[in-house]
Amino acid sequence: MGLITIVALAFLYYGINFLKGQDIFQNKTIIYAQYEQVDGLSPSRPININGLKVGVVDKIYFHPNGSGALLVAMNITTDFPIPDNSVARISSDLLGNRSVELILGDSPSAVKANDTISSKVQLSIAQEVNEQVKPIKEKAE
């Protein structure tokens with residue numbers, strides 16, 4: 001009876017992590033990006049390089065220095081070397097789902113575990129349309 005309980009708890013633990021998008025048997029490297037605003041990004045959202053999923057957002061929390069900036073911990077599950085001058089850009093699709101796109105840099109040195117890389121937030125489609133319409137609106141006024 002006790003053995004069945006232990007096996008059931010192990011499957012439950014693995015299942016919960018699987019649903020969160022985390023595989024406990026994969027190698028993972030945690031890297032960070034700092035943002036002023038995350039615009040709806042949430043944990044377990046994908047991290048992509050050229051459209052290929054290479055990890056998931058692990059945690060989002062306030063920077064410990066008390067500045068109000070947000071740190072995004074990214075769980076990278078690929079062995080592909082990411083240059084240390086890469087940029088983590090928050091982007092969205094047509095439905096407004098947020099993800100992180102890693103834009104690779106050209107540095108010969110790769111990012112290591114617990115490094116922080118540059119960050120950027122892409123404008124949403126609504127914001128881009130507003131920027132395009134703004135000159136027309138000003139002329140009409």
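Within the stretch 8-27, take every residue that is under 16 Å from Met74 (Cα atoms) and surrounded by fewer than 10 Cβ atoms within 10 Å (Cβ to Cβ) and give me the one that is modelled with the lowest pLDDT.
From the stretch 8-27, those under 16 Å from Met74 (Cα atoms) are 17, 20-24, 26-27; that's our starting set.
The next check asks that each one be surrounded by fewer than 10 Cβ atoms within 10 Å (Cβ to Cβ); those that pass are 24, 27.
Values: Ile24: 65, Asn27: 71.
Of everything passing the filter in the stretch 8-27, Ile24 is modelled with the lowest pLDDT.
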* To do: Select from the stretch 61-83 the residues that are more than 15 Å from the chain's Cα centre (by Cα) and open to solvent by less than 20 Å² (accessible area, probe 1.4 Å) and list them in ascending order.
  => Ala69, Pro83
* To do: Only residues in the stretch 60-73 that are farther than 12 Å from Ile30 by Cα count as the first member; pair them with residues that are surrounded by fewer than 15 Cβ atoms within 10 Å (Cβ to Cβ) and among the hydrophobic types (A, V, I, L, M, F, W, C), Cβ under 7 angstrom, at least 6 apart or cross-chain, and list the lot.
  => His63/Ala69; Gly68/Phe62; Leu70/Phe62
* **Odd one out for Val57, checked against (1) open to solvent by 50 Å² or more (accessible area, probe 1.4 Å); (2) closer than 30 Å to Leu12 by Cα; (3) under 11 Å from the mean Cα position of the chain (by Cα)** => (1)
* Asked: Which one is surrounded by the most Cβ atoms within 10 Å (Cβ to Cβ) among residues in the stretch 106-141 that are of a type in the set (Ser, Thr, Tyr) and under 20 Å from Ile76 (Cβ atoms)?
  -> Ser119
* **Pair list, Cβ under 7 Å, 6 or more apart: the stretch 112-134 residue among the basic types (Lys, Arg), other residue assigned to a strand (DSSP E or B) and at pLDDT below 90** => none
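The values are calculated or read from the model by the stated rules, or taken from the named source; none is laboratory data. All values reported here derive from a predicted model rather than from experimental measurement. No Cβ is skipped: glycine too gets one built from the backbone with ideal geometry, and neighbour counts run over all protein chains shown. Please note that ligands, DNA and RNA were not included when accessible areas were found on the heavy atoms of the full protein model with its side chains. Shrake-Rupley method; radii C 1.70, N 1.55, O 1.52, S 1.80 Å.
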